[in-house]
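The values are calculated or read from the model by the stated rules, or taken from the named source; none is laboratory data. Please read these numbers as outputs of a predicted model, since none were measured by experiment. With ideal geometry, Cβ positions are generated from the backbone for all residues, glycine too; neighbour counts draw on all protein chains shown.
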Amino acid sequence: MGTIPCLFQVKPDSSKLKVEKMKRREFIKKGAATAALPFAGTVSLAKSDNGAKKKEKIFNLNYAPHFGMFKQSAGEDLLDQIQFMYDQGFRSMEDNGMKDRSRSDQSSIAKKMSRLGMTMGVFVAHKIYWQEPNLASGDKVLQDEFVQNVKDSVEVAKRVNAKWMTVVPGYVDLGLEMAYQTANVVEALRRASDLLESHGLVMVLEPLNWWTNHAGQFLTGIPQAYEICRAVDSPSCKILFDIYHQQITEGNLIPNIDKSWSEIAYFQIGDNPGRKEPTTGEINYLNVFRHIHSKGYRGVLGMEHGNSKPGKAGEMAVIEAYRKVDAY
């Protein structure tokens with residue numbers, strides 16, 4: 001290569017050279033400061049979020065994940081998992097096993113959720129009899145046990161700021177006609193409702209499908225749950241409409257939602273087959289969610305399902321699935 005010609009011929013000690021050098025230094029300082037601004041902003045955001053990504057848009061419906069659903073991304077710590085849910089746009093969380101957690105954990109969870117403005121979803125209120133009749137049998141000892149379980153759950157609900165608790169009436173009694181069993185269940189639920197009404201709490205009855213691992217349960221369908229809630233006749237006894245279970249048991253989801261609407265207080269989610277996130281099965285969740293949203297429902301929809309894929313990628317797939325089907 002040849003020699004590059006000098007563009008400026010200025011004596012080393014000239015005042016003009018000193019001025020040019022000062023201008024160049026000033027320009028470089030300003031340019032460096034300007035170039036650093038976006039980077040500095042990014043660092044500041046990362047620090048303010050404790051290393052988390054930018055907070056995502058809040059969902060249109062109030063979906064509630066559960067502990068363990070995002071532990072690969074958030075870690076084992078329960079409070080970190082709640083923070084991750086919040087950062088991803090979720091504003092509720094449910095925990096079936098809340099009643100079995102220590103008081104210290106219950107209080108910590110409630111404090112964290114309260115600080116974030118999140119809503120606590122359902123927890124299971126009582127011992128569920130999966131293999132033998134209890135409420136359907138009319139046995140007074142078992143009925144008293146159930147009522148005491150619900151009474152104990154009132155204190156848990158207060159501690160964790162929960163309004164709803166799940167109730168499953170238990171196994172069918174093959175020695176009694178269904179009408180007698182229904183009367184026995186209604187009697188037990190009326191007693192429990194009397195306890196809950198003064199506290200503004202609601203037990204939600206969950207019908208379970210008979211095809212997977214819930215064969216033999218007394219309560220299986222939405223029309224049956226509707227009939228029982230109307231018979232109990234209490235604001236503290238309503239329906240938990242689990243879309244996964246009802247797709248298996250009876251289908252006809254949107255018409256059954258409409259027919260039982262006055263008694264529905266809570267929804268749960270899972271696609272079928274597989275009981276994984278929406279878009280992995282046969283249920284048109286976009287249409288179902290649009291319908292629920294159009295009816296004015298702004299309550300909690302519990303994400304009571306597993307992840308279809310393992311690891312962090314599977315957790316991100318769950319979030320993306322809810323973005324695709326979120327009502328608008």
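Condition (residue is within 14 Å of Met69 (Cα to Cα), in the same structural domain as Val167 (by TED's automatic domain parsing) and aliphatic (A, V, I, L, M)) applied to region 267-279: is it met by at least one residue?
yes
Could you check region 154-175 and list, in sequence order, the residues that are under 20 Å from the mean Cα position of the chain (by Cα), over 15 Å from Ala225 (Cβ atoms) and not in a loop (DSSP other than H, G, I, E, B)?
Val156, Ala157, Lys158, Arg159, Val160, Ala162, Met165
Restricting the search to region 255-283, which residues are under 21 Å from the mean Cα position of the chain (by Cα), among the small types (Gly, Ala, Ser) and in a loop (DSSP other than H, G, I, E, B)?
Within region 255-283, Gly270, Gly274, Gly281 qualify.
Looking at (1) over 27 Å from the mean Cα position of the chain (by Cα); (2) buried (at least 23 other Cβ atoms within 10 Å of the Cβ); (3) not aromatic (Phe, Trp, Tyr); (4) not in a helix (DSSP H, G or I), can you tell me which one Val185 breaks?
Status for Val185: all satisfied but (4).
List every residue pair whose Cβ atoms sit under 9 Å apart, with the two residues 6 or more apart in sequence or on different chains, where the first one lies in region 115-132 and is in the same structural domain as Leu219 (by TED's automatic domain parsing) and of a type in the set (D, E, K, R) and the second, anywhere, is at pLDDT 95 or above and not in a loop (DSSP other than H, G, I, E, B).
Taking only residues 6 or more apart or on different chains, the pairs are Lys127/Glu145; Lys127/Phe146; Lys127/Asn149; Glu132/Tyr171.
Return the pair list, or none, for Cβ contacts closer than 8 Å from residues in region 230-250 that are buried (at least 20 other Cβ atoms within 10 Å of the Cβ) to residues that are assigned to a strand (DSSP E or B) and of a type in the set (Ser, Thr, Tyr), at least 6 apart or on different chains.
Lys238/Tyr266; Ile239/Tyr266; Leu240/Thr166; Leu240/Tyr266; Phe241/Tyr266
Of the residues Val160, Val150, only one is farther than 26 Å from Asn209 by Cβ, in contact with a helix residue (DSSP H, G or I) (Cβ under 7 Å, 6 or more places away or on another chain) and crowded, with 18+ Cβ neighbours inside 10 Å; which?
Exactly one residue qualifies, and that residue is Val160.
Quickly run through region 284-315 and pick out the residues that are surrounded by fewer than 20 Cβ atoms within 10 Å (Cβ to Cβ), outside any helix (DSSP H, G or I) and charged (D, E, K, R).
Within region 284-315, Lys295, Arg298, Lys309 meet the criteria.
Examine region 228-249 for a residue that is among the basic types (Lys, Arg) and under 24 Å from Met93 (Cα atoms), and state whether such a residue exists.
Checked against the condition, which is being among the basic types (Lys, Arg) and under 24 Å from Met93 (Cα atoms), region 228-249 yields at least one hit.
May I ask you to list the residues in region 271-307 that are out of contact with any Phe, Trp or Tyr (no Cβ under 9 Å at 6 or more places or on another chain), without any contact (Cβ under 8 Å) to a residue 40 or more places away in the chain and more than 22 Å from Thr249 (Cα to Cα)?
Selection gives Ser294, Gly296.
If you scan region 316-328, which residues turn out to be crowded, with 17+ Cβ neighbours inside 10 Å and touching a residue at least 60 places away in the same chain (Cβ under 8 Å)?
Answer for region 316-328, where residues must be crowded, with 17+ Cβ neighbours inside 10 Å and touching a residue at least 60 places away in the same chain (Cβ under 8 Å): Val318, Ile319, Tyr322, Asp326, Ala327.
Do you know which of the residues in region 98-115 that are among the small types (Gly, Ala, Ser) and surrounded by 15 or more Cβ atoms within 10 Å (Cβ to Cβ) is farthest from the chain's Cα centre (by Cα)?
Ser108
Of Val204, Val147, Val141, which residue is assigned to a helix (DSSP H, G or I), among the β-branched types (Val, Ile, Thr), assigned by TED's automatic domain parsing to the domain that holds Ser107 and in contact (Cβ under 8 Å) with a residue 40 or more places away in the chain?
Exactly one of Val204, Val147, Val141 is assigned to a helix (DSSP H, G or I), among the β-branched types (Val, Ile, Thr), assigned by TED's automatic domain parsing to the domain that holds Ser107 and in contact (Cβ under 8 Å) with a residue 40 or more places away in the chain, namely Val147.
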